[in-house]
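The values are calculated or read from the model by the stated rules, or taken from the named source; none is laboratory data. Just so it is clear, the structure is predicted and the values come from calculations on it, not from any experiment. A quick note on method: Cβ atoms are made from the backbone with ideal geometry, for glycine too, and the neighbour counts reach across all protein chains shown.
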Amino acid sequence: MSLYINSPGGFVTAGLAIYDTMQFIKAPVATTVVGQASSMASVLLAGGDKGRRTALPNSRMMIHQPWGGVQGQVTDIEIHTRELQKMKRI
């Protein structure tokens, strides 16, 4: 399978669904950046098989720590914090 990436990123849950599928299928997975692979899209780039991850010469990648905003009761904030910490370990 070949995945061509040109994305500023997006929701972590949607990106992880794609990533999990890439890991689940039996076929080799090649990833190529054709513009940008930022944020969650950089994780998809890394999800390609070793030796099959490439980028065109003028492509750009950007990686950052997970972030988000939350409001509500203290317990809601604690739950959100734990979820962000789990995502950081992925």
- Complete set of residues in region 38-56 that are over 9 Å from the mean Cα position of the chain (by Cα) and in a strand (DSSP E or B): 53, 54, 55
- Task: Could you tell me whether region 57-68 includes any residue that is in contact with a strand residue (DSSP E or B) (Cβ under 6 Å, 6 or more places away or on another chain) and in a helix (DSSP H, G or I)?
- Result: no
- Query: Across region 2-25, what is the total count of residues that are at pLDDT below 95, surrounded by fewer than 13 Cβ atoms within 10 Å (Cβ to Cβ) and in a loop (DSSP other than H, G, I, E, B)?
  - Reply: 1
- Query: Across region 35-78, what is the number of residues that are in contact with a Gly (Cβ under 9 Å, 6 or more places away or on another chain), aliphatic (A, V, I, L, M), surrounded by fewer than 16 Cβ atoms within 10 Å (Cβ to Cβ) and under 20 Å from residue 12 (Cα atoms)?
  - Reply: 1
- Query: Residues in region 69-90 that are touching a residue at least 12 places away in the same chain (Cβ under 8 Å) and either in a loop (DSSP other than H, G, I, E, B) or within 30 Å of residue 33 (Cα to Cα) (or both): how many?
  - Reply: 4
